[in-house]
């Protein structure tokens, strides 16, 4: 399957209940105003309602839960009104969570709409290198693979994603020796890589390996059902 470049989104809400103060990693936004907003009741209420919408397989509260400091990345320049609320911009928050049965990273994006409302758009949990559209395209591969092993299960949920490694093409032994050329820097989106996605359904969990191979026309997604391992 080739990645489609049309706009798409994953219809999930994911967020965490925390107030980061020292993790802002950008310079364009006013750090003090942003930190004040992150500690505000408005932000707390927003992420709490989003957290309540999470499937329990992905995250749920428990006594052992200990939030970690999130990573924050500014995606679009953020501006604020006089009352300290964001009026434009976008940022991403990634929070490692442990202790409640699914140790993972909750990834979600805050986007300030034209009318001033803040939308929460979630990526899949974990450390996938796939962007949102590619995640959307790869979900059927992961769930279909799991369904081969759990026939009749009506629903599967991605509970974690793990980046395994970049795929290195073996050098041909028949090719004449050539002087090595310095390799240009490559991003995860331009270099083949392999991930393992954890899929849960009907009381069972599966680790599903997925390969992503970008080329000039998109990204080829491959998954072999025989490589799937049940936990």
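Each reported figure results from applying straightforward, stated rules to the coordinates on display, with no laboratory input. The model shown is predicted, which means the values in this text are computed figures rather than measured ones. Virtual Cβ from ideal backbone geometry, glycine too; neighbours counted across all protein chains shown.
Between residue 168 and residue 225, residue separation times 0.36 nm minus the direct Cα-Cα distance comes to 18.3 nm. Taking Cα atoms of the stretch 31-122, Rg/Rh with Kirkwood Rh, to two decimals? In the stretch 31-122, Rg relative to Rh is 0.99. Counting beta carbons within 10 Å around each of 205, 82, 66, 48 and listing the fewest first gives the order 82, 66, 48, 205. Spacing of the modelled spin labels on residue 190 and residue 60, each 7 Å from Cα toward Cβ, amounts to 4.5 nm. Exposure proxy ranking for 93, 227, 63, 74, based on other Cβ atoms within 10 angstrom of each Cβ and starting from the fewest, stands as 63, 227, 74, 93.
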